[in-house]
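As structure tokens, the structure follows; a few thoughts come after it.
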Amino acid sequence: MLRLLALLVIVLLSSCENKNSVSTRFFEDGSIKPSVALAPVVDSTSYDLPWSLSDEFSTLLRNQLIQKQDLYVVPKEHTEELNSSSDTPFGSDISWVKERYAANEFVVFAELIQHNTNPAKKDPTSTNLNMAIRVRVIDNRGETPKIILQECLNENYYIARNSAQMDYNSTTWGTKEYENSRMGVAHFTLAEDLVERIYDYVLLKSR
């Protein structure tokens, strides 16, 4: 009996996790949600960590955007094959987006352009984490793609002395310890702020 209850708990938890990580295409009344394709975040920094900042921020943005019930976030496997290392999503010519992302109404490009630390002025044994990420959201519904949002978010986070000495070779992305660390919280907050901007503009233009 206890074994059966344990299995039921596992099934329920898995079901909840799947609901939180998968975006649905339709509203409850059957109408279609605006579709958003999220290209992998480009990491143009040289910050040294044992994991990819591109993967971390791409995952954060995707997971947080999926929580927005008014949007349909195109599955990762449907957009990975559309991306190329030669793409210039922040260039003046965005005509290529129309054909490449033809099945998607809105396309989001983001690039991490700053990620560094420097001693805090009020306490040199502590550090400030300085980050900047730029975003471009393209409306792909018309005959030609149109930029509806283009901006750069700059954020600084104070990291106290005991947290600044954390070893990120052992406290890595994907662990609970990292999620609760100052850097983990800082990354999550930056992604959260960016997602709010994306959400507001896509929802505004789709109405």
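Each value in this text was obtained by applying a stated rule to the coordinates, not by laboratory testing. From a predicted model like this one, the values you see are computed outputs, not experimental measurements. Because the Cβ atoms are built from the backbone with ideal geometry, glycine has one as well, and the counts that use them run over all protein chains shown.
On a C-alpha basis, how far is the centre of segment 49-106 from the centre of segment 133-179 in Å? Whole number, if you could?
Computed from Cα coordinates, the inter-centre distance equals 14 Å.
May I ask you to sort Y201, Y47 by Cβ crowding, counting other Cβ atoms within 10 Å and putting the fewest first?
Listing Y201, Y47 from fewest to most nearby Cβ atoms yields Y47, Y201.
P(r) tail for segment 39-157, what percent of Cα pairs lie past 22 Å? Don't skip to the end; give the middle numbers.
On the way: 2878 of 7021 pairs.
Pairs farther apart than 22 Å: 41 percent.
Going by amide H atoms built from the backbone, whose H comes under 5 Å of the H on V42, apart from near neighbours?
Amide H neighbours of V42: A110, E111, L112.
Nearest 0.05, what FRET efficiency do S92 and D29 give at R0 = 35 Å with Cβ-Cβ as r?
On the way: r = 41 Å, r/R0 = 1.16.
So the FRET efficiency works out to roughly 0.30.
Using R₀ = 35 Å, calculate the FRET efficiency as 1/(1 + (r/R₀)^6) where r is the Cβ-Cβ separation of E179 and D200; round to 0.05.
Working: r = 26 Å, r/R0 = 0.74.
Given R0 = 35 Å and the Cβ-Cβ separation, E is 0.85.
Can you give the FRET efficiency for T117 and E80, using 1/(1 + (r/R0)^6), R0 = 35 Å, r = Cβ-Cβ distance, to the nearest 0.05? Numbers along the way, then the final one.
Numbers: r = 31 Å, r/R0 = 0.89.
The pair T117/E80 has a calculated efficiency of 0.65.
For the chain, what is Rg from Cα atoms divided by 2.2 N^0.38 Å, rounded to two decimals?
Numbers: Rg = 19.3 Å, N = 207, 2.2 N^0.38 = 16.7 Å.
This ratio for the chain stands at 1.16.
Just want the ordering: I198, I159, from fewest to most Cβ atoms lying within 10 Å of their own Cβ. Can you show the working numbers first?
Values: I198 23, I159 20.
Fewest to most other Cβ atoms nearby, the residues stand as I159, I198.
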